[in-house]
Amino acid sequence: MSDKVQIFDTTLRDGEQVPGCQLKTEEKVIIARELEALGVDVIEAGFPISSPGDFLSVVELSKALKHATVCGLTRAKKDDIDVAAEALLHAKRGRIHTGIGSSDVHIKHKFKSTREQVLEQGVWAVKYAKEKNYEVEFYAEDAGRADLAFLAQMIEAVIAAGADVVNIPDTTGYCLPHLYGKRIQYLFENVKNIHKAVVSVHCHNDLGLATANTMAGILNGARQAEVTINGIGERAGNTSLEEVAMIIQTHKDLGLTTDIKSDRIFEISHMVSEMMRMPVQPNKAIVGRNAFAHSSGIHQDGFLKHAENYEIINPADVGVPSSSIVLTARSGRAALRHRLELLGHRVEGEVLNNIYEHFLLVADEKKMVDDDDLSMLVASHLVLVNK
Ligand code: KIV
Ligand code: ZN
């Protein structure tokens, strides 16, 4: 089995479903070009039948992208597949992503159907999409809650019908990592033709487990991860691209690779956040404002002695210019002295102690002490020293 994990980015489809995050086609083209430069393998460009805007976006991305596969989402319906095939006409490499519900709850309450009927419709959709001469990916919606034996039966049938990729989504973000991993393992052990397709994982974050589940799927043999920048997506979001890419890069012992050029991550995170008007939470892994900021005295002292004491990723590896030391009332003398040195003030001993006492009063008042505050503090002490 290949060690490369394909990165399938769905920022422009699942991510764009977030209320208020809708983009114009021109904006989607800008983001898609950045995603291509970042090294993603597949870009899901939209759901062509859903609106003229989505159709146009898939057309324009198909024209604009040079290397990445362009993917269009469909339901397991003829019109959806026809429209997606038309939208992808200019793609250098196009993929139709078709599928249907696989859990009993979806089969009964969404499709008002039976297992037999949805299986038949899924197989039909794959065969029909294959006739359009694109790659075909099949999604078994809500696979995280599907009956495992039925899921295996469905996956075997759609691979036999020609699916190149089979997507096992945890649509509702329900699974626990070890159980999601076991689902993927079960498919590898029970679907006879599983090696004829790439197994893909698509996890939602309703319980905050999307990245953990995605990694569990990969560790059990999946070789495509469906992700979004900053983890944006329906409800609590999707697995975030930057987390999966950096887990694989940081844990070299896993023996896995991606083509992601990690030093472009921070820039694209900002671009997506701004264009989609979706702020990144400050403590978000990898790309949050505080991801490389040290604020407690013990951590600052340890970090200043040796960055690896408190950092497992070099910020430059994800395009963050540098780590930061945030001066608060929890900071110690080491951090204060370090920042003062950066500002050109070398202070030691009694003077440092006095400035530190004064600094704590300001910090209690202001919560965060910035460089202007420090300059004023130092100036007032130097005046005192020189009197
Ligand atoms: O979450 C999901 O199941 C999806 C499918 C349409 C792939 O987004
Ligand atoms: Zn989804």
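Laboratory data are not the source of any read-out in this text; all were calculated from the coordinates shown. Predicted model only: the values in this text are computed from it and were never measured. Cβ: placed from backbone, ideal geometry, glycine included. Neighbour counts: every protein chain shown.
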Cα shape, segment 198-270, gyration tensor, a/c 1.5 rule: oblate
Separation in nanometres of the label points that stand 7 Å from Cα toward Cβ, at Q117 and R346: 8.3
Sum of -39500 (n - 2.57) over DSSP H runs of 4+, divided by residues of the chain (222 nm, nearest 500): -13500 deg cm²/dmol
Lys, Arg +1 and Asp, Glu -1 on Cβ, resulting dipole of segment 175-234 about Cα centre, debye, nearest 20: 320
Charge-dipole axis of the chain as Lys and Arg at +1 and Asp and Glu at -1 on Cβ define it, positive-most pick from L327, V136, S62: V136
Around K196: net Lys/Arg minus Asp/Glu count, Cβ-Cβ under 14 Å: -1
Listed residue pairs exceeding 28 Å between alpha carbons, taken from K4/K108; K78/K110; K110/K196; K132/K182: K4/K108; K110/K196; K132/K182
Cut-off under 5 Å, modelled amide H: who pairs with C203 long-range: D170, E226, T239
Karplus (6.51, -1.76, 1.60) ³J(HN,Hα), θ = phi - 60°, over segment 316-324, in Hz, Gly and Pro reported as x: 4, 5, 10, x, 8, x, 6, 6, 9
Dipole magnitude (debye, nearest 20) for the chain, charges at Cβ of Lys, Arg, Asp, Glu: 520
Highest-first arrangement of 49-57, 248-256, where packing means the average Cβ count within 10 Å: 49-57, 248-256
Share of pairwise Cα separations in the chain, more than 38 Å, in percent: 30
GluC sites (Glu not before Pro) within segment 97-193, DSSP loop, no more than 12 other Cβ atoms inside 10 Å: E131
The chain: relative contact order as a whole-number percent, Cα under 8 Å and 6+ apart: 13
Lys, Arg +1 and Asp, Glu -1 on Cβ, resulting dipole of segment 89-159 about Cα centre, debye, nearest 20: 300
Segment 293-386 shape via C-alpha gyration tensor axes, a/c threshold 1.5: prolate
Kyte-Doolittle mean at least -1.0 and Cα axial length at least 24 Å: DSSP H helices in the chain: 349-366
Simple label model, 7 Å out from Cα along Cβ direction - S375 to E274, nm: 2.6
Estimated FRET transfer efficiency when R0 is 51 angstrom, pair H178-L361 (beta carbons, to 0.05): 0.50
Label point distance in nm, R330-H90, each placed 7 Å from Cα along Cα→Cβ: 5.2
